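For reference, the structure is listed below as structure tokens.
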Amino acid sequence: MIWDVDYDAPAGKLIAIVGPNGAGKSTLIKATLDLVPKVSGDVRVFGQPYEEQRTRVAYVPQRTSVDWDFPVSAQDVVAMGLYKKIGWCRPVTRRWRIEAREALDRVGLADFSRRQISQLSGGQQQRVFLARALVQRADLYLMDEPFAGVDAATERAILQVLRDLRSTGKTALVVHHDLQTVADYFDHVLLLNMRLVASGPTAEVFTEENLRRTYGGRLALLDQVGTRLAEGQ
Amino acid sequence: MKQLLSGLVVAVLGAIVLVEAHNTSEEGHSFRDWPITFSIAPQATTVAHAPEVPTANASPPTPPTLLSRLWRVLSLRDYNTRVVLLGTTILGITAGIVGTFMLLRKRALVGDVVGHSALPGIAIAFLVMEGLSPGTGKWLPGLLAGAFVFGVAGAVSVMLIEKYSRIKPDAAMAMTLSVFYGLGAALFTVVQKVPGGNAAGLKTYLSGKTASLITDDVWLFAVVAGVVLTVTMLLMKELTILCFDGEFAAADGWPVFWLDTLLIGLVVTVTIIGMQSVGLILVVATLIIPPASARFWTDDLRRMTLGAGLAGGMSSFFGTIMSALFPHVAAGAVIVLTGACLFAVSLLFGTKRGVLIHWWRQRQLRREVGRVDLLRAAFELVEHAVSAPIPEFDELTAHELSLADLLMMRTWDAASLQRLIIAAVREGLMHPTGKDTWRLTRSGAEEARRLARNHRLWEMYLMKYAHIAPSHVDRDADLIEHVLDPELVAELEYQLDHPDDEIPQSSHATSVSSLE
Amino acid sequence: MIHEFFQLLSGWSSLDTAIAGSAALTAMSCSLPGAWLVLRKHSMMGDALSHTALPGVVLAFLFSISMKQAGWVSAAQEDAFLQLFLFVGAVVVGVGTAWLTEWVQRLGRLEGSASLGVVFTAVFALGLLLIRLDVDNVHLDVDCVLFGIIETAALQKVPGTSIPEPVLVNGAIFLANLLLVVLFYKELKISAFDPGLATSLGIPARGIHYGLMAVTAVTVVAAFTTVGSILVIGLLIIPTATALLLSERLSVVLALSVCLAAISAALGHALTLTVPRMLFSRLGYPTIEDAGTAGMMSVTAGLLFLMALILAPGQGLISKLIHRLRLGLKISGDDILGVLFRFEEKTAMRPIDISVPALVARQNGMRPWMVSLSVRRLLRRDLVTRQTSGELVLTDRGRESAKSLIRAHRLWEAYMSKHFELPDDHLHETAHRVEHFIDDDIQERLQSELNAPTKDPHGKRIPELSDS
């Protein structure tokens, strides 16, 4: 569980969510998306309740969250990002397939659109997920560990996409695990360990002192009280 | 999808035409009067081995020969054969298509729970209808409605048990299945004792009542199947996203819970009408086996759905024909076994995930790995022999490679090395120059250079970025280079700032000695 | 109605005792291997085995009959051979099903439950086919296979005694299973809990898996004649599932599931004799005298599970409901005390014109009846008193209690303010939620970790406990 994250994401920035294992990074993203229950609090996107702004938010889940043996091609997966736009009961027509292929091209996978997804490398799979978020044409992108375990080509492709997004005024909140690259890749950073430790522009917040506070072990009392609170719910 | 839809329309139209055709011609000739019966109404109620007791099924008056029966069945001369075939085939197709999504949702056995849970519904519907107006107890839509209610109740119980206790899903399923089935078993003993309630007719729901299908039944199936298929086709996209990535679907605003509920509803419907052909105990087979078989042939969901429909239809069709040919044989069992045979064939020969193709690909991969190893060993041998840091092209083709030298390069035995060399000679990469000596051909030398280059780029990359000690690099590089595709090689060149055609020097002091 | 129940039950005969005893022993013998299936999350494997046992049984019958017909064995010996074949057939079927499932799963790269579904339906269908194909030779009734015929089976006595045959057979199986569980308790436990660890300790986890399958299949086949092929699954799984709701200790769960199995069987038969007649005579079917015992055993086991689900201490729905209610009362009581304390602190005055319970109800979104219930609780415990004018005031005891609460609240605010990046005006809400769960022990630790603060982040005094 995570406690009291009170954070206003600045629009038009790349924001990293950084913290140790079990710090609640994914939980924060999922709570934002209403995928896990919140004890209290609300999420506002561009000043409106999340429920009303769903279409402006795109989600890139962890690669391990799905069964890659599923009988669909890369292009089919990307088209899933368009399903909402296509609407109930309507087939995926040519127009949408072209749009999906264009998104695949943007992440450098134009030649792989017909390939079954298990025959892609881990990095390529990650890029397929990214392309699926791109076709949603959202304003806010929530990404869960997109850089985890990917090859160098993918890392560069994802980074390029992130920068393109920023240059068109989009915002991205990215769960990130590699401390080495935080300063290079991101404008803002959010340090998390069961609670928000610090947040703000990378240059100001990404300091040794703050990192020590973030990675300096779990707070035993938070754990203990959290367990009791959860039992009481 | 369009194909699928039109296929469905044809199937349903076919149903209507066949049924219509009969209504105007051969009225009053019931399937039950047909000399060949495949009903399995049990006569005694004990486990006794009593060969002296003759059974009702044993001797039809004058049994026609197998060939004439086969002809009779295949020519579809009998109206009843047509009705039965049509009915079971429609059921098979529908179950296969709906089952595809259940399989992909990883809830394959829900159909089992639903099928078994339906038993008390049939008994209760019978008792209610019989109680309201004696003699109407076996009205099919009523029985099916009862079965439907209890099938849904079974699925809901599993859900509730999972939600309100810490019982695991598998145990919740097993429990629900047996409690409902137990209730059904108890009620069936009751039904048997109801005046006028000959339970034999109801019992056919256990293992199918194919033999006694009538036109009205088939009409009902066609309508229900049509509805189920239409819903499935219309919601194909929504069901796909639900099965593939429910979390994404929820984040994207799809009503995941209701889609799940709808899918269960479809499964219950298919299970209930599917009981007619194979019985409630085996109905789960018609949901699982066809899609599982289809998966071996394709990586595409649309084709898999079509294939599952086809497999379901085929096993029902052929199963029904087989059981029409042989008396005593329960149609449900034969339909399931036909499906199982199709499954076995698919498992072996499936073009995408079949065992044989998988085995073949593995073999190809092993050969490819062997070829790469051989050529790179040859390259390193030449490199070691000549004084220049990187062997020239001519030197590569001029150098004589002996079996003994090559053997030193890797931990391989003489027999497998010789097999690799024979393959390389056949491919024109090497040519023999004497007993146990070979030279690289021009194309062999080119390939060897390319492979050695890739290998070393990868070594350099690992050392630069992955911080691996040089002594460990060679083995890691060996493992990965077999899967280096052009995209990755381009990436390596970019990362390492390496010009197009140059081969880097080996990172080991001397590549051969480091291997020893 | 209860009178009618016992009246009907008074017709209990020695046959009923035989039936109930056979059923109980069958259920007990099943519950032991079944318990491990549940613990290993292989319950549906039990379902599969109870189906695939069919062809094993049919083949055993066919073999023994053809041996007799060929004149190899005398009619007297035939029965012994049949038993032997049944046993061998069961082992083959058990191991075969497990092996085939694993094989199809691996080769076909299928999901486990899907491959199970393919295998067991196909094998069961084969069994049905075998019955029909050789219908002239052996009359093995489908009905019996599917539902069991305990009523008839209990009539068959062991030659020379008055012991019903199922009692002997299933009793022996039960004892054998009990012995196996006792002997291999440690190994079964560890391989159910963590197969990887078991293997690393030198315990053959695969061997145990296949052994369990073989034992389950033998038990299932022995239970065939009494409860039929499909109801066996209920006896395998339900008692253990119920026991798991009642206890968390493995040995207790095992003992409980054996007891529950026996109870469901005996009670099931008693219900068979009574409930159907009572029910159906009222519905206008006076001829109904009983229902099948086998089915009722399953239903009874299910009812016991349902009772445990609702009534079990700790885990049960009612106990959870009571827990929630108590917690709600505590929270609203705490909140009333807190509001009163803050009034005293701030103004040194009594809250005259505000209805405290109404305020608390509004703050927490609680139902008014809940809050007035907790007011009554506070009055009874002498934590508050009601003045003649109607408003509530703290007693001395109440003040102490409130002090501890406020202390917890403010210590937590101080703690959050130290560790969280949060504006100070966001602290209150969380502290308000958490304060009820911070006991003296945690307060002590907060106190020492924060170096005994005297003020909270808003500058309010953190009250001392009077005895410290």
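The values are calculated or read from the model by the stated rules, or taken from the named source; none is laboratory data. Bear in mind that the values here come from a model prediction, so they are computed numbers and not experimental data. No Cβ is skipped: glycine too gets one built from the backbone with ideal geometry, and neighbour counts run over all protein chains shown.
Key figures
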| quantity | calculated |
| --- | --- |
| Those residues of the stretch C:62-86 which are in contact with a helix residue (DSSP H, G or I) (Cβ under 7 Å, 6 or more places away or on another chain) and either crowded, with 23+ Cβ neighbours inside 10 Å or assigned to a helix (DSSP H, G or I) (or both), in sequence order | C:63, C:64, C:67, C:68, C:75, C:78, C:81, C:82, C:85, C:86 |
| Residue identified as surrounded by 14 or more Cβ atoms within 10 Å (Cβ to Cβ) and either under 22 Å from residue B:443 (Cβ atoms) or in contact with a Leu (Cβ under 6 Å, 6 or more places away or on another chain) (or both) among B:380, B:368 | B:380 |
| So residue C:411, is it buried (at least 19 other Cβ atoms within 10 Å of the Cβ) and under 12 Å from residue C:333 (Cβ atoms) | no |
| Filter pass, residue C:242 being in the same structural domain as residue C:153 (by TED's automatic domain parsing) and buried (at least 23 other Cβ atoms within 10 Å of the Cβ) | yes |
| Selection from the stretch C:150-201 of residues that are assigned to a loop (DSSP other than H, G, I, E, B) and surrounded by fewer than 16 Cβ atoms within 10 Å (Cβ to Cβ) | C:155, C:156, C:158, C:159, C:160, C:161, C:162, C:163, C:194, C:201 |
| Hits in the stretch A:162-181 (condition: β-branched (Val, Ile, Thr) and over 22 Å from residue A:30 (Cα atoms)) | A:168, A:181 |
| Residue in the stretch C:268-282 that is more than 12 Å from every other protein chain (Cβ to nearest Cβ), modelled with pLDDT of 90 or more and in contact with a Leu (Cβ under 9 Å, 6 or more places away or on another chain) present | yes |
| Complete set of residues in the stretch A:174-193 that are within 14 Å of another protein chain (Cβ to nearest Cβ) and surrounded by fewer than 23 Cβ atoms within 10 Å (Cβ to Cβ) | A:178, A:180, A:181, A:188 |
| Matching entry among C:463, C:368 (being more than 14 Å from chain A (Cβ to nearest Cβ) and touching a residue at least 40 places away in the same chain (Cβ under 8 Å)) | C:463 |
| Any hit, the stretch B:276-299, residues being assigned to a loop (DSSP other than H, G, I, E, B) and in contact with a strand residue (DSSP E or B) (Cβ under 7 Å, 6 or more places away or on another chain) | yes |
| Contacts under 8 angstrom Cβ, first residue in the stretch C:434-447 being part of a helix (DSSP H, G or I) and surrounded by 16 or more Cβ atoms within 10 Å (Cβ to Cβ), partner of a type in the set (Asp, Glu) and at pLDDT 85 or above, 6 or more apart | C:435/C:334; C:436/C:334 |
| Residue A:56 over 30 Å from residue A:220 (Cβ atoms), away from chain B (no Cβ under 12 Å) and among the basic types (Lys, Arg) | no |
| The stretch C:416-460, residues that are of a type in the set (Ser, Thr, Tyr) and more than 7 Å from every other protein chain (Cβ to nearest Cβ) | C:417, C:448, C:454 |
| Only one of C:245, C:256 that is within 30 Å of residue C:193 (Cβ to Cβ), modelled with pLDDT of 90 or more and within 10 Å of chain B (Cβ to nearest Cβ) | C:245 |
| Of all residues making up the stretch A:73-114, the number that are under 19 Å from residue B:238 (Cβ atoms), at the interface with another protein chain (Cβ under 9 Å from one of its Cβ atoms) and not hydrophobic (A, V, I, L, M, F, W, C) | 7 |
| Count - residues of the stretch A:164-209 that are without any contact (Cβ under 8 Å) to a residue 24 or more places away in the chain and among the polar types (S, T, N, Q) | 4 |
| Candidate set: the stretch B:258-278, residues that are under 30 Å from residue A:51 (Cβ atoms) and either basic (Lys, Arg) or within 13 Å of another protein chain (Cβ to nearest Cβ) (or both); chosen: the one surrounded by the most Cβ atoms within 10 Å (Cβ to Cβ) | B:259 |
| The stretch C:37-61, residues that are surrounded by fewer than 24 Cβ atoms within 10 Å (Cβ to Cβ), more than 9 Å from chain B (Cβ to nearest Cβ) and within 24 Å of the chain's Cα centre (by Cα) | C:39, C:40 |
| Hey, residue B:231 assigned to a helix (DSSP H, G or I), within 12 Å of chain A (Cβ to nearest Cβ) and at pLDDT 95 or above or not | yes |
| Test: residue in the stretch A:5-19 that is among the aliphatic types (A, V, I, L, M) and free of Cβ contacts under 8 Å to residues at least 24 places away in the same chain | no |
| Which numbered condition residue B:307 fails, given (1) within 14 Å of chain A (Cβ to nearest Cβ); (2) within 19 Å of residue C:116 (Cα to Cα) | (2) |
| Yes/no for residue C:169 being of a type in the set (Val, Ile, Thr), modelled with pLDDT of 85 or more and under 30 Å from the mean Cα position of the chain (by Cα) | yes |
| Hey, residue C:400 closer than 30 Å to residue A:193 by Cβ, out of contact with any helix residue (DSSP H, G or I) (no Cβ under 9 Å at 6 or more places or on another chain) and either acidic (Asp, Glu) or outside any strand (DSSP E or B) (or both) or not | no |
| Every pair of residues 6+ apart whose Cβ atoms lie under 8 Å, when the first sits in the stretch C:174-193 and is on the phi < 0 side of the Ramachandran plot while the second is assigned to a helix (DSSP H, G or I) and modelled with pLDDT under 90 | C:187/C:198; C:190/C:197; C:190/C:198; C:191/C:198; C:191/C:205 |
| Candidates A:46, A:70 - the one that is surrounded by fewer than 21 Cβ atoms within 10 Å (Cβ to Cβ) and facing chain B (nearest Cβ under 8 Å) | A:70 |
| Complete set of residues in the stretch B:124-158 that are facing another protein chain (nearest Cβ under 10 Å) and either more than 31 Å from the chain's Cα centre (by Cα) or within 21 Å of residue B:222 (Cβ to Cβ) (or both) | B:127, B:128, B:130, B:131 |
| Residue check, residue A:54 free of Cβ contacts under 8 Å to residues at least 40 places away in the same chain and charged (D, E, K, R) | yes |
| Residue check for residue C:405: among the hydrophobic types (A, V, I, L, M, F, W, C) and in contact with a Phe, Trp or Tyr (Cβ under 8 Å, 6 or more places away or on another chain) | yes |
| Filtered residue count, the stretch B:302-311, keeping only those that are surrounded by 24 or more Cβ atoms within 10 Å (Cβ to Cβ) and either of a type in the set (A, V, I, L, M, F, W, C) or not in a helix (DSSP H, G or I) (or both) | 3 |
